[in-house]
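Report on the following structure.
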Amino acid sequence: MMSFEERVEDVVLRLFAVEGVKFGQFTLKSGLLSPIYFDLRVVVSYPELMESVADLLWERRPEGVQFASVCGVPYTALPMATIIATKQKLPMLIRRKEEKSYGTKRLIEGHFKPGDNCFIIEDVIVSGSSVYETAVSLRSCGLEVTDAVVFVDRQQGATANLRKLGVAIRSVCDMQQMLAILLRHGKIDDKQVGAVNAFLKDSQETIIRREPNDGVAESAGRLRMSFGARAATTSQALVRRLLRLMEEKRTNLCVAADLGTSQAALQLADQVGPHICMLKTHVDIMTDFSEAFPRQLRELALKHNFLICEDRKFADIGSMSAAQFADGPFAICDWADLVTMHPLPGEGLLTALSARAEGRQRGALLVAQMSSRGCLATAQYTAAAVKMAEAHPYFACGFVAQSSVTSDPRFLVLTPGVSVSAAADAHGQQYSSPERAVGECGADVVIVGRGVTRAESPAEAAGEYARRAYAAYLQRIG
């Protein structure tokens, strides 16, 4: 009789043999390129392996807890849950991904009583979102959900996330155990292990996007959290860096260097650098742009500790925008920390830009709303932009918007059209004060252009905007 650990090792090797775990380059649902991929759907073609997986899942259930039913997270875990229900004579429930529009219109199929404790089964967890969604559906029907068992924990924060939401997680094996087994048996080499570990380090999922009224107490959210506290909520390195920078320098000002020459932009950057968290550029309007400009601008960004955003507003198909982003002698991704993009082309634009960043600490800001009169962005368009960012938090850093389009503390809201001396210009640009933009409209970062660039002393003007915007932020968080 093999021990539990020996049986886990045997199943891992059998999964590898049938390509239930693969190594290479795989595009995940989020758009990330991963060196490892789990596909436990294949076990349905191998009945003995499927039964072995189900047996291990059942044996990892918590001791001393009585379950009235079992529910597999749709859809990969359903066969394993079915085997467990059949062998253990335990009633099974099925969660639909959407309610039926006919018949009983149930979201949960099966017979149960309110108060019954249902045991959740899952194949692989990353952030824990699928287990959470299943728990919410079960709880909405009056069921208790306290525990879930998964076959593989990718060790990317799911266990801690679910614990906060009242679901204890036990796993048959985690990523490190699986890698060790495959390495020990010569199925992979040290280079592949290193690639997976590097990927996991840079691709942490730390937040579950919660459903409204899910029965769990709501946290403060973006508008009431400090920049420093929000830095701990995201695994996006660039967002963490910017949030900490803003708190350390006590500034949430971005100056728009929309100037016709690179020399003028460099001079401005040096003047306002001590007062800003970010400089926004439009290099396509510069008449003297050369390879020296990006290098000199990066030097000033390092000197004064600010980020660079190239306001390119990518809006083409992914492949073309990616070429604009990364190809040519003055590739934007070589020198700009952030770029702006329109959500209109869809998620392919985000994934294409991310792929071409090639390990650099880069990110995108989605233009969800604009400050010009008559803008055609509808509420549905803005909501779709937010949903797109939520699906790609590894590269989407936030939004260019005129209102609080999200409560998610992982994302930044940058508001352009901020001025203390104008209400509008001749071309439909509408302005707002720093206090209104931050305090009433929910901006994290205010973008000021002509209010600084046309001031007699840009440095003094930037200092005043920074003081007023940061004071509004402090008042907002109480």
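Quick one: in the stretch 297-351, of everything that is aliphatic (A, V, I, L, M) and touching a residue at least 60 places away in the same chain (Cβ under 8 Å), which residue is nearest to residue 363 (Cα to Cα)?
Step one: of the stretch 297-351, the residues aliphatic (A, V, I, L, M) are 297, 300-302, 307-308, 315, 317, 320, 322-323, 326, 331-332, 336, 338-339, 341, 344, 349-350.
Now drop any that are not touching a residue at least 60 places away in the same chain (Cβ under 8 Å), which leaves 307, 338, 350.
On the way: 307: 11, 338: 5, 350: 9 Å.
Per the criteria, the residue is 338.
Got at least one residue in the stretch 217-231 being farther than 24 Å from residue 441 by Cα and modelled with pLDDT under 85? Scanning the stretch 217-231, I find at least one residue that is farther than 24 Å from residue 441 by Cα and modelled with pLDDT under 85, so the answer is yes.
If you check 6, 63, 51, which single one turns out to be part of a helix (DSSP H, G or I), out of contact with any helix residue (DSSP H, G or I) (no Cβ under 7 Å at 6 or more places or on another chain) and on the phi < 0 side of the Ramachandran plot?
Values: 63 fails: part of a helix (DSSP H, G or I); 51 fails: out of contact with any helix residue (DSSP H, G or I) (no Cβ under 7 Å at 6 or more places or on another chain).
Exactly one of 6, 63, 51 is part of a helix (DSSP H, G or I), out of contact with any helix residue (DSSP H, G or I) (no Cβ under 7 Å at 6 or more places or on another chain) and on the phi < 0 side of the Ramachandran plot, namely 6.
Under the condition of being touching an Asp or Glu at 6+ places or on another chain (Cβ under 8 Å) and either free of Cβ contacts under 8 Å to residues at least 40 places away in the same chain or surrounded by fewer than 21 Cβ atoms within 10 Å (Cβ to Cβ) (or both), the residues counted in the stretch 104-125 number 6.
If only one of 439, 428 is out of contact with any Phe, Trp or Tyr (no Cβ under 7 Å at 6 or more places or on another chain) and modelled with pLDDT of 90 or more, which one is it? Before you say what the answer is, go through the steps one by one.
On the way: 428 fails: modelled with pLDDT of 90 or more.
One residue alone meets the criteria, 439.
The values are calculated or read from the model by the stated rules, or taken from the named source; none is laboratory data. Remember, predicted model here, so these are calculated numbers, not experimental data. When we count neighbours, we look across all protein chains shown, and the Cβ atoms used for this are built from the backbone with ideal geometry, even at glycine.
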